1. Of all residues in the range 211-252, which are hydrophobic (A, V, I, L, M, F, W, C) and closer than 22 Å to Ala188 by Cβ?
2. Do we have Lys417 as closer than 29 Å to Ala196 by Cβ and assigned to a strand (DSSP E or B) here?
3. Would you say Ala364 is surrounded by 22 or more Cβ atoms within 10 Å (Cβ to Cβ) and not assigned by the TED database to the domain that holds Ser227?
4. Within the group Ile238, Ile205, which residue is β-branched (Val, Ile, Thr), in contact (Cβ under 8 Å) with a residue 12 or more places away in the chain and closer than 28 Å to Ile137 by Cα?
5. Does any residue of the range 271-282 turn out to be under 13 Å from Leu228 (Cα atoms) and touching a helix residue (DSSP H, G or I) at 6+ places or on another chain (Cβ under 9 Å)?
6. With the requirement that a residue be of a type outside the set (Lys, Arg) and in contact (Cβ under 8 Å) with a residue 24 or more places away in the chain, what does the range 248-265 give you?
7. Need at least 3 residues that are within 30 Å of Ile303 (Cα to Cα) and in contact with a Lys or Arg (Cβ under 8 Å, 6 or more places away or on another chain) per element, so show me which helices (runs of 4 or more DSSP H) inside the range 87-206 make the cut, counting only ones lying wholly within it.
8. Regarding the range 331-346, can at least one residue be identified that is surrounded by 16 or more Cβ atoms within 10 Å (Cβ to Cβ), in a strand (DSSP E or B), under 20 Å from the mean Cα position of the chain (by Cα) and not polar (S, T, N, Q)?
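The values are calculated or read from the model by the stated rules, or taken from the named source; none is laboratory data. Just so it is clear, the structure is predicted and the values come from calculations on it, not from any experiment. Here the Cβ positions follow ideal geometry from the backbone for every residue, glycine too, while neighbour counts run over all protein chains shown.
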Amino acid sequence: DKIETLYIKGSGWDLISIEEDGFAPVDLNHLLRLSELDELSDSQMVIQQRLATLKPSAPNPSVEAILHALIPFTFVDHTHADAVLSITNTPNGRKKINEIYGEDILIIPYVMPGFILAKKIATMTKNIDWDKMRGMILMNHGVFSFGDDAKQSYDRMIQIVTKAEDYLKSAKVFRKYHNSNSKADLLALARIRKKASRLAGKPYIALLNDSTEAVGFSKMKAAKNLSLKGTLTPDHVIRTKPFAWVIKDNLDRSAKEFENRYTRYFEKNKKKGITKLDNGPKWALWPGYGTVCFGSSKKEANIVLDINRHTIRAMQTSFNLHKWQPISFQHLFDVEYWELEQAKLKKDTQPPEFQGKIALITGAASGIGYACAKKLLENGCTVVGLDKDRKVMKLFQEYDGYKGFYSDLTKTNDVKKAVSSCVKAFGGIDILISNAGVFSSSATLENIDDKKWNDDLDINLASHHRVLRECVPYLKVGIDPAVIFMGSRNVGAPGLGAGTYTVAKSGLTQMSRLAALELSKYSIRVNTVHPDCVYDTAVWTDKI
């Protein structure tokens with residue numbers, strides 16, 4: 001039998017990379033029958049939508065599946081357009097939206113996403129002539145467009161959003177910022193990351209947004225008030241929490257203020273049986289320097305960063321138009337602590353061992369350094385690889401949490417730049433694997449000239465000190481920080497002709513012991529590993 005089928009985005013799929021398998025085929029008439037019910041809990045809705053899914057291997061249909069089924073067009077698009085939300089998120093947003101759009105756009109007051117929203121739209125559209133409609137605007141939520149073909153629906157979405165943009169342009173609410181000279185203190189960024197991680201009870205990646213727009217926003221007098229009022233659209237609260245952490249000179253005090261604010265928010269809005277989420281902020285306002293976005297992985301932090309860029313732009317636009325007034329904290333709480341989201345929490349498995357941790361590895365292009373990077377990445381770690389071989393920059397493309405930098409560790413400025421790049425990229429350093437080295441041509445002590453002696457000791461000993469020296473300030477504020485030096489079996493059993501290498505590795509072993517003594521008071525663990533022959537490495541040259 002033929003079944004009228006709705007293909008809708010599956011839960012957990014990102015539209016930026018979705019494939020055919022990311023869409024769930026659902027029995028359209030089953031969904032329409034669900035819309036006729038007076039009540040339907042979220043858990044029951046998920047079960048019913050699963051029962052209506054026509055492909056066993058398909059993902060769970062979106063919570064908006066019933067809503068999509070109600071719209072009698074072949075193609076439906078849904079966005080959280082900044083321009084539209086910048087207008088709806090003002091005290092007289094409904095009035096402005098009515099002025100901008102005619103009767104061919106249906107205006108829906110805000111209600112909770114899911115069955116409640118679908119039921120609201122079913123009621124409002126019961127006797128509507130859909131052929132006269134081009135789209136819907138859900139106040140404080142987003143925009144729907146629809147059409148008989150993909151282009152028609154797309155064009156209608158563009159038209160709806162362009163109207164809002166034109167209105168805002170005519171109101172002259174867009175503010176341009178000049179290039180800012182504000183330079184964030186990277187050590188302060190690492191401290192911010194550690195404080196946020198402690199609040200969350202788990203390691204965070206911290207991404208600094210120091211764009212001209214972000215820095216300009218952070219310098220606004222109203223920025224603090226705006227950052228504490230809510231999200232651009234309720235969907236975002238799951239990623240960003242309802243408000244920012246406002247960073248102050250006294251980091252401990254401002255962190256406690258955020259924790260107390262979030263606790264009050266939870267206590268005021270909670271319902272029986274709800275499990276409180278962690279106290280970790282998802283983004284912070286750093287006055288004068290921009291914003292900082294947090295996540296347990298680079299991918300998660302990037303999502304928060306993307307949302308943050310849109311949100312601060314909309315905050316400024318709404319503020320300049322009239323006033324930033326998103327939906328209430330009660331509404332945000334209902335989404336953040338949604339039954340479906342709580343169910344996901346209970347299913348959460350143990351995260352990878354090194355998730356949220358940041359490692360800096362020297363000599364990462366091959367051999368031991370490459371193997372360490374690969375293993376750490378496989379176990380959830382975020383990794384920065386340094387090497388004089390430029391291929392280090394192209395490795396591990398399949399991982400979001402990897403960056404490779406060309407660096408000559410015999411040059412102090414290169415080392416400084418590499419360490420700064422690591423902190424700027426991810427927010428700090430927790431693990432240092434000091435591995436870079438070279439085993440040059442064999443020579444007896446009698447035949448080693450000054451240049452060979454100095455060059456070999458520079459890369460095999462002095463470079464490790466350079467890297468350690470630059471990393472220590474960040475390791476002091478790292479999360480369970482650790483240092484691993486790569487020694488050699490030659491320390492205990494030197495080989496003939498390996499004079500400079502053996503002396504350098506012996507010196508490195510002693511340096512690691514000193515480092516362990518000096519850094520133990522900061523709870524930084526220091527160890528040395530003494531491997532034997534590893535051939536996939538630059539240590540072995542044709543002259544050996």
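1. Ala214, Val215, Phe217, Met220, Ala223, Leu228, Phe243, Ala244, Trp245, Val246, Ile247, Leu251
2. Values: closer than 29 Å to Ala196 by Cβ: yes; assigned to a strand (DSSP E or B): no.
In short, no.
3. Values: surrounded by 22 or more Cβ atoms within 10 Å (Cβ to Cβ): yes; not assigned by the TED database to the domain that holds Ser227: yes.
Yes: the conditions hold for Ala364.
4. So the residue among Ile238, Ile205 that is β-branched (Val, Ile, Thr), in contact (Cβ under 8 Å) with a residue 12 or more places away in the chain and closer than 28 Å to Ile137 by Cα is Ile238.
5. So in the range 271-282, the residues under 13 Å from Leu228 (Cα atoms) come out as 281-282.
Cutting the leftovers down to touching a helix residue (DSSP H, G or I) at 6+ places or on another chain (Cβ under 9 Å) gives us 281-282.
Checking the range 271-282: at least one residue is under 13 Å from Leu228 (Cα atoms) and touching a helix residue (DSSP H, G or I) at 6+ places or on another chain (Cβ under 9 Å).
6. Leu251, Asp252, Ala255, Phe258, Glu259, Tyr265
7. 150-170
8. no
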